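The values are calculated or read from the model by the stated rules, or taken from the named source; none is laboratory data. Because the structure is predicted, anything quoted here is derived from the model rather than measured. Every residue, glycine as well, gets a Cβ built from its backbone with ideal geometry; the counts of neighbours run over all protein chains shown. Side chains are part of the model used for accessible areas, which takes the heavy atoms of the whole protein and leaves out ligands, DNA and RNA. Shrake-Rupley method; radii C 1.70, N 1.55, O 1.52, S 1.80 Å.
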Amino acid sequence: MGTSTLTHPTGRFNLARMEGLVRQLADLANEGREVVLVTSGAIGAGMARLGMKERPRTIPEKQAVAAVGQGLLMQMYEKLFGEYDRVVGQVLLTREDLTDRRRHLNARHTLMSLWRMGAIPIVNENDTVAIDEIKFGDNDTLAALVASLVAADLLIILSDVDGVYDKNPKEHPDATLLTVVESISEGLERAAGGPGSMWGSGGMWTKIQAAKVATGVGAAVVIANGSRPGVIHAVLAGEEVGTLFVPKRERMTGRKRWIAFHRQPAGRLLIDAGASKAIVEGGRSLLPIGVVGVEGDFDVGDVVQIIDPANCEVARGLVNYSAREIGQILRCPSHEIERRLGYKDYDEVVHRDNMVISR
């Protein structure tokens, strides 16, 4: 749930809308569904309580305002869910919590434990300590990563838009709402405006990127207008609401989801056409003989992008050697690794078990 869904233009909570959305979520939990709510609104709530008319500009100011607002936000959810006899638990996350493998698993176990106890997890970005995340205000990405974390079947992104259009409806009155998106094309991303545009920053572009992550791990995604009465029930009933993004058929394992989406790439490996074909079509590991270049300064165990001769990412994975070491064994047959480095820990630069195909 985005800030625009939860608040009035004054910045105050939209209590009627929040109550309606909470009632639907409580009802879904009563059906036996496992529900997790990823919410924005902490900074907005803090601004309203502090009487601020303009959004704070500096990181420390935003973090201070969020510290005020997080308690208010949870207090409101506790009150609303309590009216329907549902217990809630707050989980504060940053991107780093999902990047580190140990913390990633701890977060997953916490969410699963809350479900087993009959509670509804309410996830909010930990804005009081986050740095990069708070700059972009991108809770859409956080929602997609949480969907990946719990292997969700469905991610519903509620905002102040009816769904995804073929072009910006604010600029083009003839824009058409897309009801179903089978795959996210470059054209659709261009239509969303890109990350640097007014339409894209915290807007439709981030939602499409979130949909790309969530569908990539096997979750369906619906982007819909949170002001529509009964919107969540309508989505679950299969009604034509907003825009549906169709998930990929094959679900990734938890480890491969973490490699693909929760770790930021630390560098790039440039490979030749033969290696690209072996990876994409043959499901093979990446050997040093197929690597033609190294970009970035990464260490053993970091995630890297694997780039084909057309400068397209074909895969990403955990490397067995550092950037310096790979630079020494470029185009090298595996049996020559020990002669060049003085030792050999692995035959592969990236093993197929630690690799996710991007195409």
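Whole-percent P(r), region 217-359, all Cα pairs, 10 Å bins from 0: 11, 36, 24, 13, 10, 5, 1.
Farthest towards the positive end of the charge dipole of the chain, among the residues ALA237, PRO169, VAL68, is the Cα of VAL68, using unit charges on the Cβ of Lys, Arg, Asp and Glu. So how exposed is TYR165, as accessible area in Å² (1.4 Å probe, rounded to 10)? The value for TYR165 is about 50 Å². Rounded to whole numbers, the Karplus 3J(HN,Hα) couplings from phi for region 171-182 are 10, 10, x, 8, 4, 10, 6, 8, 7, 9, 10, 6 Hz, using 6.51 cos²θ - 1.76 cosθ + 1.60 with θ = phi - 60°, and x at Gly and Pro.
Across the alpha-carbon atoms of region 138-291, the computed radius of gyration and Dmax are 17.5, 59 angstrom. Taking amide H as placed 1.01 Å from N in the peptide plane, the amide H of LEU178 sits under 5 Å from that of VAL164, TYR165, ASP166, each at least 5 places away or on another chain. Accessible area per residue was computed with a 1.4 Å probe on protein heavy atoms; GLU83 scores about 110 Å².
The portion of the accessible surface of region 64-188 made up by carbon and sulfur, rounded to a whole percent, is 51 (1.4 Å probe; DNA, RNA and ligands excluded). For PHE13, the solvent-accessible surface computed with a 1.4 Å probe is close to 40 Å², ligands and nucleic acids excluded. Taking 0.36 nm per residue of sequence separation and removing the Cα-Cα distance, the SER185/MET52 pair yields an extension gain of 43.8 nm. Label-to-label distance, ASP153 versus THR10, with points set 7 angstrom from Cα along the beta-carbon direction: 4.1 nm. Angle check, please: helix 15-30 long axis (alpha carbons) against the longest principal axis of the chain (alpha carbons), in degrees 0 to 90, nearest 10. Value to nearest ten degrees: 60. For ASN14, nonlocal amide neighbours, meaning residues 5 or more places apart or on other chains whose placed amide H falls under 5 Å from its own, are THR7, HIS8.
The convex hull drawn around the Cα atoms of region 1-159, when projected onto a plane and averaged over every direction, covers 8.7 nm². Computed over region 52-122, the convex hull of the alpha-carbon atoms projects to a mean area of 6.1 nm².
Around the amide H of VAL294, modelled in the peptide plane, lie the amide H atoms of LEU270, all under 5 Å away and 5 or more residues distant in sequence or on another chain. Tell me which lysines have Cα within less than 21 Å of LYS207's Cα, excluding those fewer than 8 residues away on the same chain? LYS207 reaches LYS135, LYS167, LYS170, LYS248.
Rolling a 1.4 Å probe across the protein heavy atoms gives the chain an accessible surface of 48 Å² per residue. Principal-axis analysis of the Cα atoms of the chain puts helix 59-82 at an angle of about 60° to the longest axis. Per residue, the average separation of C-alpha pairs within less than 8 Å and at least 6 apart gives region 1-143 a relative contact order of 27 percent.
When only Cα pairs below 8 angstrom with a gap of at least 6 residues are kept, the chain shows a relative contact order of 13 percent. Based on every Cα atom in the chain, Rg and the maximum pairwise Cα distance Dmax equal 22.3, 71 Å. Restricting attention to the chain, close to 50% of DSSP beta bridges with both partner residues there are antiparallel. Can you give me the angle between helix 101-116 and the longest principal axis of the chain, using Cα atoms only, in degrees from 0 to 90, rounded to the nearest 10? That works out to roughly 40 degrees.
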